[in-house]
1. Excluding A:P256 itself, calculate the net charge of residues whose Cβ lies under 10 Å from the Cβ of A:P256, where each Lys or Arg counts +1 and each Asp or Glu counts -1.
2. Note the per residue figure in Å³ for the convex hull of the C-alpha positions in the range B:208-326.
3. Between A:R262 and B:H60, how high is the FRET efficiency from 1/(1 + (r/R0)^6) when r is the Cβ-Cβ distance and R₀ = 51 Å? Nearest 0.05.
4. Excluding B:S289 itself, calculate the net charge of residues whose Cβ lies under 14 Å from the Cβ of B:S289, where each Lys or Arg counts +1 and each Asp or Glu counts -1.
5. For the range B:119-269, build the charge dipole from Cβ charges (+1 Lys, Arg; -1 Asp, Glu) around the Cα centre, then report which of B:T232, B:A122, B:P256 sits farthest towards its positive end.
6. Nearest-5 percent of antiparallel DSSP beta bridges in the range A:117-270?
7. Report for chain A the percent antiparallel among DSSP-assigned beta bridges with both residues inside it, nearest 5.
8. I'd like to verify something in chain A: which complete DSSP H helices, judged by Cα projection on the helix axis, reach 30 Å or more and average at least 0.0 on the Kyte-Doolittle scale?
Protein chains: 2
Amino acid sequence: MTVRVAVDALGGDRAPDEIVAGALDASSPGIAPILFGPAGLDTHGLPLVEAPDVIEMDDHPVESVRALPDSTLVRAVRAVADGEADTVVSAGSTGAMLAASLLHIRRVPGVHRPGIAVVLPARKGPSVLIDSGANADARPEHLLQFAHMGAIFAREILELTDPAIGLLSIGEEDEKGSQLTLDAHALLRESGLRFVGNTESRGLLEGECDVVVTDGFTGNVALKALEGTIRTILDALRRELESSFRGKLGGLLIRPAARHLRERLDPETYGGAYLLGLRGLAVIAHGNSSRRAISNAIRLAARGVDHDVVGRLAARLPERRASATV
Amino acid sequence: MTVRVAVDALGGDRAPDEIVAGALDASSPGIAPILFGPAGLDTHGLPLVEAPDVIEMDDHPVESVRALPDSTLVRAVRAVADGEADTVVSAGSTGAMLAASLLHIRRVPGVHRPGIAVVLPARKGPSVLIDSGANADARPEHLLQFAHMGAIFAREILELTDPAIGLLSIGEEDEKGSQLTLDAHALLRESGLRFVGNTESRGLLEGECDVVVTDGFTGNVALKALEGTIRTILDALRRELESSFRGKLGGLLIRPAARHLRERLDPETYGGAYLLGLRGLAVIAHGNSSRRAISNAIRLAARGVDHDVVGRLAARLPERRASATV
């Protein structure tokens, strides 16, 4: 089966060149990228669906999605809703992707809120953080659903048979946390998932849990703290090394080790995050995605279609519908 | 003037040896540590106030503080309330320190909630994160007060004349964030402080703002994400280097640069965090504090007394009392 991937050619800081290049890289017998971009875009032979408008990063998500139905982002999302593509990838505005996906792809029945599932490059192996930014305010029952979605993601995409689910909080003891986490903790205890209790953000890069559940505000803060710290430290180390001859020589010698570390921690390895809970699969790539990040995001999207993540999610979530209040 | 610092000799994972050693290191003509510990503790000549009980890290904060009034932690806190010491330092349970301080030292009139102010070792120089864990749930008016407290801390302790205040959120645009941050944003705009808007956690180690304001849940998650990432990366780099001869040689050469970096990022440099908003100054040290961390925490506490942080806070905060609703 060939997976048709709608790609927003104008999404992200390095569009359209790096997007087109990434789509070309990902193109294979199993993956057919379709670019959504302006007339005349050089796609190097990939199919182009013309879309005249563009949504900028700082446009208001909901308003721009409604005002610009023929933007590259909205057209690419609509292609999934209309069955013209199996999945969609954009490095454009996360808010606009969320708004367009809610409007056109729509939620799986029973899902309160879609959640963003990001793969963390933890030491013990990849783990998933959900929600990493779709919902700034969440309720306990939303966190319960994120846990179920994250578990399905971990099983189908990370190939973990019985993923351990942790709740991000500010102490490992059951009674530590905000009212939201205390209430979510109680729901997770009854969920039937392998819930291992609260987990702290200091263990995120260690990989103490396979799935880390949190609200979108906290998840986004934690994710960006990780990314920022990784970048600041690697940059600081580079500057330290460049400040002396001894450091420069040492820097040459440690280059393979440092590169190995950098590659493991590189967010481009996965390239994108799933927006879960929709009737179709949407992947949000980092705003400054390179061709490598885009091609990996497209492969990630195709893998989600191959593993029928949406179907499995739809099949398992509704049974929780009765027990959860919206 | 000599600052009398009450030190909880049984607080923290490495008590009492490292606590006593740190107190000895900090002892000077300007700083007089007083140890609160069990009878017979070898204090190497420092004054000892006998306290028979101990509060463990996993004891319930409020219950243990009430049940163990003669614990080392509570007695040390009470010494400040009773005027027998000018400030108190403990590496014991943060929750117990908060509970004991609220009960005995009590809040400055007009302060809704005390906040924990932590110094971050940012690239552009130290900055302060408040609240980093005292209140898991906060309201917008609490964040406004944290901003004022943080500004006073930045001026008096970090010696920044006109500190830039940022609100930790998940996007720099004014309209990005949770309902809590949106409401706090509006209050901060009217605060008279140099409020520079929302700031993201990816900039925490860069030092984009001098004071980063947030609720205790988010602040704690961000702080631990920083600490965990720093440790994981430096450990991973060390492991990478040890895995080959070339790496080992390079590792030897980069040792001074790596040590420099590690020192800058070391939480022990400040050793402790202020609990602000009380009628006396309390400093909470890291649970696994070494003697160096403890001696720095004691110096930090003494500096706060020298600069009359409590008096300045009390003098400035009440004028906001009328405009804020509890």
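1. Working: positive: A:R255, A:R259, B:R246; negative: B:E240.
My count for the surroundings of A:P256 gives +2.
2. Details: hull volume 17.9 nm³, N = 119.
Roughly 151 Å³ of hull volume per residue.
3. Working: r = 44 Å, r/R0 = 0.86.
After rounding to 0.05, the efficiency reads 0.70.
4. Numbers: positive: B:R14, B:R291, B:R292, B:R299; negative: B:D8, B:D13, B:D17, B:E18, B:D25, B:E227, B:D266, B:E268.
Result for the local shell: -4.
5. Value: B:P256.
6. Values: 4 of 14 bridges.
Just about 30 percent of them are antiparallel.
7. Values: 13 of 40 bridges.
Within chain A, antiparallel bridges account for around 30 percent of the total.
8. Details: long enough: A:216-242 (38 Å, 0.08).
Going by DSSP H runs, the hits are A:216-242.
Read-outs throughout are calculated quantities, based only on the coordinates presented, and are distinct from any laboratory measurement. Note that this is a predicted model, so its numbers are computed, not measured. Methodologically, a virtual Cβ is constructed for each residue, glycine included, from the backbone with ideal geometry; neighbour enumeration extends over all protein chains shown.
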